[in-house]
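Colleague: What follows is a structure written as structure tokens; I'll ask about it next.
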Amino acid sequence: MSRIGKLPIILSENVKVIIDKDILSVSGKNGSLSLNIDASVNVKISGSELLVTPGTDEKFSLSMWGTTRT
């Protein structure tokens, strides 16, 4: 289990997050970033937190879980 992957990403009030299919877009006062999300990882917004979870228990999925979270 990924120790980093288990931690939620805390979102500030002035940060806007959009998940559109497999693209995660984050924008704030300093600019914006986009990330292609691998199909083996699940990303969801829960209140003021962004949660990243592995899609399966396969080795590749678990590797991408921690990588996507960082």
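The values are calculated or read from the model by the stated rules, or taken from the named source; none is laboratory data. The shown structure was predicted, so the numbers you read here are calculated from the model rather than taken from an experiment. Cβ atoms come from the backbone with ideal geometry, glycine included; neighbour counts cover every protein chain shown. Heavy atoms of the whole protein, side chains included, go into the accessibility calculation; ligands, DNA and RNA do not. Shrake-Rupley method; radii C 1.70, N 1.55, O 1.52, S 1.80 Å.
Colleague: Considering each of Ser25, Ser2 in turn, give the residue that is without any contact (Cβ under 8 Å) to a residue 40 or more places away in the chain and of a type outside the set (Val, Ile, Thr). I'd like the intermediate steps shown before the answer.
Modeller: Values: Ser2 fails: without any contact (Cβ under 8 Å) to a residue 40 or more places away in the chain.
Going through Ser25, Ser2 in turn, just one is without any contact (Cβ under 8 Å) to a residue 40 or more places away in the chain and of a type outside the set (Val, Ile, Thr): Ser25.
Colleague: In the range 1-42, how many residues are assigned to a loop (DSSP other than H, G, I, E, B), within 24 Å of Ser63 (Cα to Cα) and open to solvent by 60 Å² or more (accessible area, probe 1.4 Å)?
Modeller: Of the residues in the range 1-42, the ones assigned to a loop (DSSP other than H, G, I, E, B) are 1-2, 7-8, 11-15, 21-22, 29-30, 37-40.
Next cut, within 24 Å of Ser63 (Cα to Cα) only: 1-2, 7-8, 11, 21-22, 37-40.
Now narrow it down to the ones that are open to solvent by 60 Å² or more (accessible area, probe 1.4 Å): 1, 7, 21-22, 39.
Result for the range 1-42: 5.
Colleague: Filter the range 52-70 down to the residues that are touching a residue at least 24 places away in the same chain (Cβ under 8 Å) and surrounded by 16 or more Cβ atoms within 10 Å (Cβ to Cβ) and list them by number.
Modeller: Within the range 52-70, Val52, Pro54, Leu62, Met64, Trp65, Gly66, Thr68, Arg69 qualify.
Colleague: For the range 28-64, which positions are more than 19 Å from Ile18 (Cα to Cα) and touching a Pro at 6+ places or on another chain (Cβ under 6 Å)?
Modeller: Ser61, Leu62
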